[in-house]
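Quick notes on the structure that follows.
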Amino acid sequence: MPVKLARIDDRLIHGQVVLGWAPVVKPSRILVACDRVAASDWERKFYASCVPPEIPTSFMTIEDAARSIGAEPLASEQILILLESAEDAWKLVNAGVALKEINVGGLHYREGAIELLPFVFVTPEDRAYLRELVKLGVTLSAQDVPSNPARIINSLVV
């Protein structure tokens, strides 16, 4: 599978991704799989402007991403997938993308969310989607930046 890293981060493309993860993961492409962003011309332009020109960036709906991952031309690339939410991650896996591990890199505080880690806040809905991912055999690895240790959070969401 061409996926080098699948990351849930409600900020999608930002400094931690571009300056922290991209140099470590060395993706040949960043794929933002998010229905909302795929439908927004200005957001696609904004996020694309944050990525160095040598890293192609694609924006797809969850359905299109699921269909495209593993098919040419993406099958021959090394992809860093960015997902905005636990729900989007569940939808991608449920659509047939066999992810063994998902990096939970940033789910920030919003009303109704509780803190699992300083950079991971989950609502009951988030927890339900993360729990479903665990049931499907996905390892949830919380890590904000590559220089910090990863922490498996499966037991925190079940």
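Regarding segment 48-58, can at least one residue be identified that is in a helix (DSSP H, G or I) and polar (S, T, N, Q)? Yes: segment 48-58 contains one or more residues that are in a helix (DSSP H, G or I) and polar (S, T, N, Q). The condition (being surrounded by fewer than 20 Cβ atoms within 10 Å (Cβ to Cβ), in contact with a strand residue (DSSP E or B) (Cβ under 6 Å, 6 or more places away or on another chain) and on the phi < 0 side of the Ramachandran plot) is satisfied by just one residue among 29, 67: 29. Going through segment 9-47 one residue at a time, which ones are touching a Lys or Arg at 6+ places or on another chain (Cβ under 7 Å), assigned to a helix (DSSP H, G or I) and farther than 18 Å from residue 88 by Cβ? The one that is touching a Lys or Arg at 6+ places or on another chain (Cβ under 7 Å), assigned to a helix (DSSP H, G or I) and farther than 18 Å from residue 88 by Cβ: 25.
For residue 61, the conditions (1) crowded, with 20+ Cβ neighbours inside 10 Å; (2) modelled with pLDDT of 95 or more all hold with the exception of (1).
Cβ-Cβ contacts under 8 Å between residues 6 or more apart (or on different chains), taken from a first residue in segment 1-20 that is on the phi > 0 side of the Ramachandran plot to a second residue that is at pLDDT 95 or above and among the hydroxyl-bearing types (Ser, Thr, Tyr), are listed as 12/47.
Does residue 18 fit the bill of being more than 16 Å from residue 69 (Cα to Cα) and surrounded by 15 or more Cβ atoms within 10 Å (Cβ to Cβ)? Yes.
Looking across segment 110-127, the residues that are surrounded by 12 or more Cβ atoms within 10 Å (Cβ to Cβ) and part of a loop (DSSP other than H, G, I, E, B) come down to 113, 119, 123. Just one of (1) under 13 Å from the mean Cα position of the chain (by Cα); (2) in a strand (DSSP E or B) fails for residue 144. It is (2).
The values are calculated or read from the model by the stated rules, or taken from the named source; none is laboratory data. What you are looking at is a predicted structure, and each value in this text was computed from that prediction instead of being measured. Glycine also receives a Cβ, built like all others from the backbone with ideal geometry; neighbour counts cover every protein chain displayed.
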